[in-house]
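The values are calculated or read from the model by the stated rules, or taken from the named source; none is laboratory data. Nothing here was measured: the structure is a model prediction, and the numbers come from that model. Counting neighbours? That spans all protein chains shown, and the Cβs are built from the backbone with ideal geometry, glycine included.
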Amino acid sequence: MTDSLSAHTDYGQTSLEPADLDADPMVSVEAWVASAAQSGIYEPNAMVVSTIDPDGRPSSRTVLLRGILPGGLEFFTDYESRKGRALLSHPDISVVFPWYAQHRQILIYGKARPTSVEVSDAYFSGRPHGSQIAATASRQSEPIASREVLQQRVRDLELKYPEGTDVPRPDNWGGFLIVPERIEFWQGRTSRLHDRIRYTLVGPGQWAVDRLQP
């Protein structure tokens, strides 16, 4: 076994109590994302999203959080990608924000639903021109013969939609809103006696709070 696999890192004595968190867990999610950004964490809004494929198999990947709303978390993708097809078939979803340098993570379990056309249009129109072209050129998750084929699609689209012109949002591209049902805040502690505070949705805007053993 390599040293990296057998190492035992001390996660420190920073504690986490229910009183340290807001009664509305989404307020604390936003605060922890902001704290990660202020601490210089690379891509503090990166989250590991796990879904269930139409054939029942699990699948995970990293995506970027693009909105924190009272009703949930927003991200954007290709609806015909693996995760898009998975969520349209099985809306159950889990999310992990892994802030290793802070010895913190948030785990979220819930359901995802497509955002409105207006929300998808608004976000797409605000993306950099290159990102708009890339989203239009790529058939996400589908095999391709070579990178050159993809780059040629990009060149063709750049001729059709030069910098400064409007790139229409592809019909298969848009947002998902993750509506949480459970949210767990995890703080690493010495000797693996971590602090875990869980929120469980028990009614509209009502959350039960408990502590989990590490």
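Could you tell me how many of the residues in region 162-209 are basic (Lys, Arg) and not in a strand (DSSP E or B)?
3
Identify all residues within region 3-26 that are in contact (Cβ under 8 Å) with a residue 12 or more places away in the chain, of a type in the set (Asp, Glu) and surrounded by fewer than 12 Cβ atoms within 10 Å (Cβ to Cβ); write none if there are none.
Within region 3-26, ASP10, GLU17 qualify.
Check ALA19, ALA122, ALA34, ALA23 and return the single one that is under 20 Å from TRP173 (Cα atoms) and at pLDDT 95 or above.
ALA122
Answer yes or no: is there a residue in region 149-166 that is within 19 Å of the chain's Cα centre (by Cα) and of a type in the set (S, T, N, Q).
Within region 149-166, none of the residues are within 19 Å of the chain's Cα centre (by Cα) and of a type in the set (S, T, N, Q).
Taking region 55-66 only, how many residues are surrounded by fewer than 16 Cβ atoms within 10 Å (Cβ to Cβ) and either part of a strand (DSSP E or B) or on the phi > 0 side of the Ramachandran plot (or both)? Break it down into steps so the answer makes sense when it comes.
Applying the first criterion (surrounded by fewer than 16 Cβ atoms within 10 Å (Cβ to Cβ)) to region 55-66 yields 55-62, 64, 66.
Checking the rest, the ones that are also either part of a strand (DSSP E or B) or on the phi > 0 side of the Ramachandran plot (or both) come to 56, 58-62, 64.
Counting residues in region 55-66 that are surrounded by fewer than 16 Cβ atoms within 10 Å (Cβ to Cβ) and either part of a strand (DSSP E or B) or on the phi > 0 side of the Ramachandran plot (or both) gives 7.
Does GLN187 qualify as being touching a residue at least 24 places away in the same chain (Cβ under 8 Å), over 20 Å from PHE76 (Cα atoms) and touching a Lys or Arg at 6+ places or on another chain (Cβ under 7 Å)?
So GLN187 passes the test.
Where residues in region 191-203 are at pLDDT 95 or above and not hydrophobic (A, V, I, L, M, F, W, C), which of them is farthest from ALA19 (Cα to Cα)?
By that ranking, first place goes to GLY203.
Please go through region 136-161 and pick out each residue that is surrounded by 10 or more Cβ atoms within 10 Å (Cβ to Cβ) and in a loop (DSSP other than H, G, I, E, B).
SER138, ARG139, GLN140, SER141, GLU142, ILE144, TYR161
Quick one: TYR42 ticks every box in (1) among the hydroxyl-bearing types (Ser, Thr, Tyr); (2) exposed (fewer than 12 other Cβ atoms within 10 Å of the Cβ); (3) over 19 Å from the mean Cα position of the chain (by Cα) bar one, so which box is it?
(3)
Hey, does region 128-135 have a residue that's without any contact (Cβ under 8 Å) to a residue 40 or more places away in the chain, of a type in the set (Ser, Thr, Tyr) and within 25 Å of GLY72 (Cα to Cα)?
yes
Please indicate, with yes or no, whether at least one residue in region 27-35 is in contact (Cβ under 8 Å) with a residue 40 or more places away in the chain, part of a loop (DSSP other than H, G, I, E, B) and closer than 24 Å to PRO214 by Cα.
Looking for residues that are in contact (Cβ under 8 Å) with a residue 40 or more places away in the chain, part of a loop (DSSP other than H, G, I, E, B) and closer than 24 Å to PRO214 by Cα, one finds none in region 27-35, hence no.
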